[in-house]
Amino acid sequence: MPKGPKKPRAPVRGSQEAGGWTLQLSGVHGAGRFLHIAAPDHANLMQMSDEGKRIYVITDRSGHHTAVMLTKAPQTPGSHQMVTVARFLAGEMHDGRKLHYKDGNPFNLHRDNLETEIKATGERHPINWEKAVAGRSVFLSLVQSHSEHPLTA
């Protein structure tokens, strides 16, 4: 049975709290969940996710939930790629390192809750947030320049 026309996603509602933002998620897996981010990361996340309209919650094979963003991939014309919100915020766009949530909550993306883990050794390291913000800027500029070319979008 047809479901009818697809409704456009609404911007994510958020509230500013001491030290950060809480964003209410929606969708099949996101309903009733909240994403917690640091205050300095809010503007970049809203810019990258089209005011939260591109934030989704997916479930992997083992049943773990993760917040992801659907972005226009700069490498492939006409395609989209998924980037985890945590990986975007931490400026880790490659798969060489794993992100670890100190409290085990993949929706708590405050800076003090994230660290990188080297897969081969299991060593954990704090994130260099200045470098992370610079990495985000590069990714944002790639995505924006890609979307400005309508023939390749």
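The values are calculated or read from the model by the stated rules, or taken from the named source; none is laboratory data. Since the structure is predicted, the reported quantities are computational estimates derived from the model, not experimental observations. Please note: Cβ atoms are built from the backbone with ideal geometry, for glycine as well, and neighbour counts cover all protein chains shown.
List the pairs whose first member sits in the stretch 100-126 and is under 17 Å from T66 (Cβ atoms), whose second member is surrounded by fewer than 11 Cβ atoms within 10 Å (Cβ to Cβ) and not β-branched (V, I, T), and whose Cβ atoms are under 6 Å apart, counting only residues at least 6 apart or on separate chains?
Pairs that qualify, where the first residue is under 17 Å from T66 (Cβ atoms) and the partner is surrounded by fewer than 11 Cβ atoms within 10 Å (Cβ to Cβ) and not β-branched (V, I, T), are N113/D103; E115/P126.
Out of the residues in the stretch 17-34 meeting the condition of being in contact (Cβ under 8 Å) with a residue 40 or more places away in the chain and under 15 Å from the mean Cα position of the chain (by Cα), tell me which one is surrounded by the most Cβ atoms within 10 Å (Cβ to Cβ). Before you say what the answer is, go through the steps one by one.
First, the residues of the stretch 17-34 that are in contact (Cβ under 8 Å) with a residue 40 or more places away in the chain: 19-20, 25, 33-34.
Next, only the ones that are under 15 Å from the mean Cα position of the chain (by Cα) stay: 25, 33-34.
Numbers: L25: 20, R33: 16, F34: 14.
Among residues in the stretch 17-34 that are in contact (Cβ under 8 Å) with a residue 40 or more places away in the chain and under 15 Å from the mean Cα position of the chain (by Cα), the one surrounded by the most Cβ atoms within 10 Å (Cβ to Cβ) is L25.
Just to verify a result, which residue in the stretch 118-153, among those that are closer than 18 Å to L99 by Cβ and in contact with a helix residue (DSSP H, G or I) (Cβ under 8 Å, 6 or more places away or on another chain), is modelled with the lowest pLDDT?
Looking only at the stretch 118-153, we keep the residues that are closer than 18 Å to L99 by Cβ, and these are 118-136, 139.
Among the residues that remain, those that are also in contact with a helix residue (DSSP H, G or I) (Cβ under 8 Å, 6 or more places away or on another chain) are: 127, 129, 132-133, 136, 139.
Numbers: I127: 92, W129: 93, A132: 90, V133: 91, R136: 85, F139: 76.
Among residues in the stretch 118-153 that are closer than 18 Å to L99 by Cβ and in contact with a helix residue (DSSP H, G or I) (Cβ under 8 Å, 6 or more places away or on another chain), the one modelled with the lowest pLDDT is F139.
Could you count how many residues in the stretch 9-24 are among the hydrophobic types (A, V, I, L, M, F, W, C) and at pLDDT below 90?
We begin by selecting, within the stretch 9-24, every residue among the hydrophobic types (A, V, I, L, M, F, W, C); these are 10, 12, 18, 21, 23.
Narrowing the set further to residues that are at pLDDT below 90 leaves 10, 12, 18.
Looking only at that region, the number is 3.
Evaluate the stretch 61-68: report whether one residue or more is part of a strand (DSSP E or B), out of contact with any Phe, Trp or Tyr (no Cβ under 7 Å at 6 or more places or on another chain) and modelled with pLDDT of 80 or more. Quick ask: steps written out before the conclusion?
Taking the stretch 61-68 as the starting set, the residues that turn out to be part of a strand (DSSP E or B) are 65-68.
Cutting the leftovers down to out of contact with any Phe, Trp or Tyr (no Cβ under 7 Å at 6 or more places or on another chain) gives us 65-66.
Next cut, modelled with pLDDT of 80 or more only: 65-66.
Yes: one or more hits.
Across the stretch 69-97, what is the number of residues that are loosely packed, with under 15 Cβ neighbours inside 10 Å, in contact with a strand residue (DSSP E or B) (Cβ under 6 Å, 6 or more places away or on another chain) and either at pLDDT below 70 or outside any strand (DSSP E or B) (or both)?
1
Quick one: how many residues across the stretch 35-65 are touching a residue at least 40 places away in the same chain (Cβ under 8 Å), within 12 Å of P106 (Cβ to Cβ) and surrounded by fewer than 18 Cβ atoms within 10 Å (Cβ to Cβ)?
3
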